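Chemist: The structure follows.
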Amino acid sequence: MSLHETPHRPSSSLDCPVVDGRRCIQRIGSREADVGGLPIHRVLPTRERRLIGAWCFLDHAGPSILREGQAMRVGPHPHTSLQTFTWMLSGEVHHRDSLGSDQVIRPGEVNLMTAGHGISHTEESLAETDSLHAAQLWIALPQDKADTAPRFDHYAELPRWRRDGADFTLLIGEAEGHHAPTLSFSPLVGLDVQASDTTKLAVPLRPDFEYGVLVLEGGLELDDEAFTVDELGYLGRGRDSLEMSLSAGSRILLIGGEPVQDEILIWWNFVGHSREAIIQAQHDWEAASERFGDIPQWQGARLEAPPLPWSS
Ligand code: MN
């Protein structure tokens, strides 16, 4: 999953302004893109918002019905200085990477690939998968961990609980006394909430975190404002709880984290803390450097990076 746009410096985190004594919620729409033959909605980054904590990229794929012979197929491509975080809702995707990891991800599981200094991977839906629904996010690594050794982790068991008519799954971080096993390098949280019937609930928040809520299915009301599928409400910092109303059959993804002060650049599949770091990564990929390894089982071409936006 990648970005083919002008590189940008993520905007710094902002508190949502207070209007008439109430904090406003920034409404962020998504745009359509194609990933490996599958239409997806890209929610982050946008012009209005680049980061939520260290979360720097958010694709919502599906729910898509795959017709006979149709598949998602993403060939070998590199990453640096980020973690790819995949949350599977339906269907099955086969991950392989240059460390030799070979893992099918199934609904209710998280795949977390820490790119660090450099890794390459492939992703393809299994032949028997006829519907696909997932969120894939990137987490920017802090500057002192940007070059950490690459690794891959798969989490089949995550903390789950139910209250007030809703099912919670903690994907990363801590919430309501639960701790996720998921490896993180900065203070973060990711929480999936699903409601079979209409329900109203309050979710405790950390005032030092900024948060966003994305609707994955159904509909959501935050502070009497309605949000629909593929809309994200950015909440800023300074809240200690969030009241939400979920319509029957809704599912939302709450992400949050401590605002990031480092400069973070994103170009194609690379995150970097300087232009030089990104230029070097691209040159290494183009030169088929050992930095990114290879995936010998893959039948097909590597993905090519678009031309760098800077003259080097
Ligand atoms: Mn990728």
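Every number here is computed from the coordinates shown, using simple stated rules; none is lab data. If you're wondering where the values come from, they're calculated on a predicted model, not measured in any experiment. Glycine also receives a Cβ, built like all others from the backbone with ideal geometry; neighbour counts cover every protein chain displayed.
Chemist: Among L265, T84, L254, whose Cα projects farthest towards the positive end of the dipole of the chain, with charges put on the beta-carbon of Lys, Arg (+1) and Asp, Glu (-1)?
Modeler: In the chain, that residue is L265.
Chemist: Can you give me the distance in nm between label points at R67 and E128, each placed 7 Å from the Cα along the Cα-to-Cβ direction?
Modeler: Here the modelled spin labels are 2.4 nm apart.
Chemist: Rounded to the nearest 20 debye, what is the charge dipole size of the chain about its Cα centre when +1 sits on each Lys and Arg Cβ and -1 on each Asp and Glu Cβ?
Modeler: 300
Chemist: Okay, next question. Counting only C-alpha contacts under 8 Å and six or more residues apart, can you give the relative contact order of segment 192-312 as a whole percent?
Modeler: Dividing the mean separation by the residue count of segment 192-312 yields 26 percent.
Chemist: How much net charge surrounds P39 when only other residues with a Cβ under 15 Å from its Cβ are counted (Lys, Arg +1; Asp, Glu -1)?
Modeler: On the way: positive: R31, R42, R67, R73; negative: E32, D34, D59, D230.
Combined, the nearby Lys, Arg, Asp and Glu give 0.
Chemist: Right, something else. Give me the dipole magnitude in Debye, nearest 20, for segment 265-312 about the Cα centre, with unit charges on the beta carbon: positive for Lys and Arg, negative for Asp and Glu. Show your work: numbers first, answer last.
Modeler: Working: 3 positive and 6 negative charges, 25 e Å.
The dipole magnitude comes to about 120 debye.
Chemist: Hey, another quick one. What number comes out for the charge environment of L158, summing +1 per Lys or Arg and -1 per Asp or Glu over other residues with Cβ under 10 Å away?
Modeler: Residues near L158 contribute -2 overall.
Chemist: If you don't mind, there's one more thing I want to ask. Can you give the calculated 222 nm mean residue ellipticity of the chain, where each DSSP H run of n ≥ 4 adds -39,500 (n - 2.57) and the sum is split over every residue, rounded to the nearest 500 deg cm²/dmol?
Modeler: -1000 deg cm²/dmol
Chemist: While we're on this one: For segment 150-183, state which GluC sites (Glu not before Pro) are in a DSSP loop and have at most 10 other beta carbons lying within 10 Å of their beta carbon.
Modeler: Loop-located and lightly packed - E157.
Chemist: Defining a contact as two alpha carbons under 8 Å apart and six or more residues distant in sequence, what relative contact order in percent does segment 43-170 show?
Modeler: Value for segment 43-170: 31 percent.
Chemist: Once you charge only the Cβ atoms, +1 for Lys and Arg and -1 for Asp and Glu, what is the size of the charge dipole of segment 50-108 about its Cα centre, to the nearest 20 debye?
Modeler: Details: 5 positive and 5 negative charges, 23 e Å.
Computed about the Cα centre, the dipole is about 120 debye.
Chemist: Using the Karplus equation 6.51 cos²θ - 1.76 cosθ + 1.60 (θ = phi - 60°), what ³J(HN,Hα) coupling, rounded to whole Hz, does each residue of segment 211-220 give in order, writing x for Gly and Pro?
Modeler: Couplings: 9, x, 10, 10, 7, 8, 8, x, x, 9 Hz.
Chemist: Which one of Q282, G165, G219 is farthest out on the positive end of the charge dipole of the chain, using unit charges on Cβ (Lys, Arg +1; Asp, Glu -1) and the Cα centre as origin?
Modeler: The residue sitting farthest along the positive end of the dipole is Q282.
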